[in-house]
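Data first, discussion second: the structure below is written as structure tokens.
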Amino acid sequence: MKIKYWILLLFYFIWTAAQASNSIFIERDTILPKVFIIGHYENLYENLLLDYETLLLTACDEDMGSAFKKWTGFLKEMTVYSEEVNYNLKGVKLWINVFFNADGKVDYLAYYLKPISKNLDRTELNQFLESFIKRYRFPLQHHERYSHHGTATFPLFSELYEGE
């Protein structure tokens with residue numbers, strides 16, 4: 001009886017290890033989509049963080065005002081585009097990581113909806129974000145790739161104060 005138990009246990013560990021290694025290989029062979037949810041594609045996402053290690057603040061020569069202005073401009077352009085394509089962002093709250101190439105084109109955008117965000121269809125949000133980054137160019141060129149990790153809440157606070 002003891003031998004059967006050990007053999008069964010050995011097969012269980014071999015099967016578990018095979019399943020784990022298959023999931024890693026599947027991710028390695030997967031092409032990272034331009035827009036994805038943080039937590040999906042974890043290994044590829046970690047590689048992005050290493051490949052785009054220069055931060056927006058660094059690319060702006062450590063000028064916090066300039067970096068903030070460029071970031072809020074990015075969010076404002078996203079809002080303008082949402083109005084053009086009739087996609088309602090009001091109530092959307094998210095963590096967002098944007099990965100820019102040296103000429104300001106967005107290579108990847110990772111996001112995660114905050115728990116207090118309005119509920120919406122993730123497929124539609126992905127499609128909206130994909131179409132936005134295809135046409136958008138960030139107004140900063142730098143000698144290397146860079147990224148920014150922040151939050152976004154729509155409507156933007158600046159829009160709320162502009163109306164007053």
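Laid out as a table, the results:
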{"read-out": "Tensor-based shape of the stretch 41-164 (alpha-carbon gyration tensor, a/c under 1.5 rounded, otherwise prolate or oblate)", "value": "oblate"}
{"read-out": "Arg137 paired with Ile37, simple spin-label distance in nm, labels 7 Å along Cα-to-beta-carbon", "value": "3.4 nm"}
{"read-out": "Percentage relative contact order, the stretch 35-162, counting C-alpha pairs under 8 Å, at least six apart", "value": "36 percent"}
{"read-out": "Distance between modelled label sites at Trp95 and Lys114, nm, 7 Å Cα→Cβ extension", "value": "1.2 nm"}
{"read-out": "Residues with amide H under 5 Å from that of Tyr108, placed H, sequence gap 5 or more", "value": "Phe99"}
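Quick note: the coordinates plus some simple rules give every number you see, no bench work behind them. Computed from a prediction, not measured in an experiment: that's the story for all the values here. We place every Cβ from the backbone using ideal geometry, glycine too, and count neighbours over all the protein chains shown.
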